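A short worksheet on the structure shown next.
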Amino acid sequence: MSLSESIESKLRASLSPDHLEIVNESHMHSVPPNSETHFKVVIVAAAFDGLRPVKRHQLVYQQLQEEFAGGLHALALHTYTPSEWQGRAPVSPQCLGGSKAAN
């Protein structure tokens, strides 16, 4: 199972999202081709009702501890309740670290 599939499986099982997008953004960073290290996760779930953003993120991180231990480096999290969801999440900025930094 790929890292992306593992993330999807765990988040679907634990949070029963109304909407879930998992985008591998590793290619935007200084990593080898075909890496699975950097992801954008957009998740809309009733489980986030009444929770502040930090608590929502902690809930997601709690589900993905094994993935972080196994090579997941970064998540760009966009967490929404069903009433907050507007149908799209912000676009991720380009990485400027490592070899992609402007000289």
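The values are calculated or read from the model by the stated rules, or taken from the named source; none is laboratory data. Just so it is clear, the structure is predicted and the values come from calculations on it, not from any experiment. In this analysis, Cβ positions are derived from the backbone assuming ideal geometry, glycine residues included, and neighbour counts consider all displayed protein chains.
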* Identify the residue in region 41-69 that is closer than 14 Å to PRO82 by Cα and of a type in the set (D, E, K, R) and, among all such residues, is surrounded by the most Cβ atoms within 10 Å (Cβ to Cβ). => ARG56
* Structure fact -> Subset of region 60-83, residues under 12 Å from the mean Cα position of the chain (by Cα) and within 17 Å of ARG12 (Cα to Cα), comes to VAL60, TYR61, GLN63, LEU64, GLU67, LEU75, LEU77, HIS78, THR79
* Structure fact -> Taking region 79-103 and keeping residues modelled with pLDDT under 95 and not in a loop (DSSP other than H, G, I, E, B) leaves GLY98, SER99, LYS100
* Asked: Filtering region 12-28 down to residues that are more than 10 Å from the chain's Cα centre (by Cα) and hydrophobic (A, V, I, L, M, F, W, C), which residue is surrounded by the fewest Cβ atoms within 10 Å (Cβ to Cβ)?
  -> ALA13
* To do: Please go through region 14-64 and pick out each residue that is modelled with pLDDT under 95 and of a type in the set (S, T, N, Q).
  => ASN24, SER26, SER30, ASN34, SER35, THR37
* Structure fact -> Those residues of region 30-57 that are assigned to a loop (DSSP other than H, G, I, E, B) and either in contact with a helix residue (DSSP H, G or I) (Cβ under 7 Å, 6 or more places away or on another chain) or farther than 18 Å from PHE68 by Cβ (or both) come to a total of 12
* Asked: Which residue pairs have Cβ atoms under 7 Å apart, sit 6 or more places apart or on different chains, and have a first residue in region 22-40 that is at positive phi and a second that is part of a loop (DSSP other than H, G, I, E, B) and surrounded by 17 or more Cβ atoms within 10 Å (Cβ to Cβ)?
  -> none
* Evaluate the following for LEU72: is it part of a helix (DSSP H, G or I), of a type outside the set (D, E, K, R), buried (at least 18 other Cβ atoms within 10 Å of the Cβ) and in contact (Cβ under 8 Å) with a residue 40 or more places away in the chain? => no
